[in-house]
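Below is one structure, written out as structure tokens; comments come after it.
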Amino acid sequence: MTRWIAIVALGLGIAHAQPYPAKPVRFIIPFPPGGPTDIVGRLAAERLSRNWNVQVVADNRPGQGGNIGTEQCARAPADGYTMCMISIAQSISPAIYPKLGFDPVRDFAHVTLLATLPSLLVVHPSLPAKDVRELIAIAKAKPGALNYASGGVGTSSHLLMEMFNQQAGISSVHITYKGTGPALVDQLSGRIEVAFSTAIAVLPYVQSGKLRALAISTQERLPTLPDVPTIAESGLPGFDGGSWQGVVMPAGTPREYVNAVSAEFVKILRAPDMKERILGMGGIPLGNTPEEFAAYMKAEEEKWAKVVKAAKVGTE
């Protein structure tokens, strides 16, 4: 019996010592192909595959603003072989969907924050506002006269403008579109005066003069538009918001696996070519520890819950 126990213990030790990852990894991307989260996710999956010499399979599972694929990740085996892209949308969802199938804080092992995608506060050139202060003055002079576009109720473009309205003490009319593409078309035509749009979406139009960028939504300026100030610098101290992407694994995933994946991503994000790719898309590469990302997710959920409540946003 003693000999048998020793053999079993030896076998378990060898299995435990097996390097991670030892087989293909499923990488859920809960949005359709072609969007910012998909682009960043596929870049990350490709680089992980190369570094690990193990296939990391990008698996698009779109639906309900990213919630369907994210729920699949939360319910996957916590064995280290499933990970998922997660975005600002999932930090907003708990405040909007009362029957959400996951908790973005409790149901995941947070790996790292990959990148932020700052949004630009842009106006049509016909609007005589050259900066944030002038835009606020126009809005206060004619309450409810300005229209702003969003890609849908509860999206970052919607809630960023609601947060802006709240902090600036102004009101503007929300015009909802089925996605950022149609919203951008109407703003370029002049039907919509104001919008928050990700830099990756509107950068070409700002550079060509078809739209005017008044400010950047995050606390740091965008390296590709260094002369555009932040909103916080423009008279609304503390304003900070924008899209972001991170990576999570199912709650209960062994800590050594989570730490290993996090360290690998940080290394990838520090590579000059990867930094250049993300910056060229209008994003800012980051990379932090699991503890830092978990705290960030909790803070984001709390922040957007307040905005949703104040703006009386619902799914009805």
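The values are calculated or read from the model by the stated rules, or taken from the named source; none is laboratory data. On a predicted model such as this, the values are computed, not experimentally measured, just so you know. Positions of Cβ are generated from backbone atoms using ideal geometry, with glycine treated the same way; all protein chains shown enter the neighbour counts. These accessible areas exclude ligands, DNA and RNA; they are computed on the full protein's heavy atoms, side chains included. Shrake-Rupley method; radii C 1.70, N 1.55, O 1.52, S 1.80 Å.
General remarks:
- Per residue, the convex hull volume that the Cα atoms of segment 256-316 enclose (Å³): 124 Å³
- Within the chain, the longest run free of exposed loop sites, counting trypsin sites (Lys or Arg not before Pro) that sit outside DSSP helix and strand states (H, G, I, E, B) and have at most 13 other Cβ atoms within 10 Å, spans 192-311.
- Modelled FRET efficiency - R0 22 Å, His174 with Ala305, Cβ distances, 0.05 increments: 0.70
- For the chain, the spherically averaged projection of the C-alpha convex hull amounts to 17.5 nm².
- Of the listed residues Asp227, Asp107, Asp79, the order by accessible area with a 1.4 Å probe, largest first, is Asp227, Asp79, Asp107.
- Charge dipole magnitude, Cβ of K and R +1, D and E -1 - the chain, Cα centre, debye nearest 20: 260 debye
- Rounded to the nearest 10 Å², the accessible area of His124 at probe 1.4 Å: 30 Å²
- At an R0 of 35 angstrom, the distance between the Cβ atoms of Lys140 and Lys298 translates into a FRET efficiency of 0.50.
- Residue order for Thr116, Thr70, Thr155 - accessible surface, 1.4 angstrom probe, largest first: Thr155, Thr116, Thr70
- Percent carbon-and-sulfur accessible area, segment 78-124, ignoring ligands, DNA and RNA, probe 1.4 Å: 51 percent
- The residues of the chain expose on average 46 square angstrom of accessible surface per residue, using a 1.4 Å probe on protein heavy atoms.
- Calculated [θ] (222 nm, deg cm²/dmol) that DSSP helices of n ≥ 4 give over the chain, each run adding -39,500 (n - 2.57): -14000 deg cm²/dmol
- Model label zone, Asp273; criterion: amide N under 20 Å from point 7 Å along Cα-to-beta-carbon; scope segment 100-132: 115
- In segment 209-276, GluC sites (Glu not before Pro) in a DSSP loop with at most 15 other beta-carbon atoms within 10 Å: Glu220
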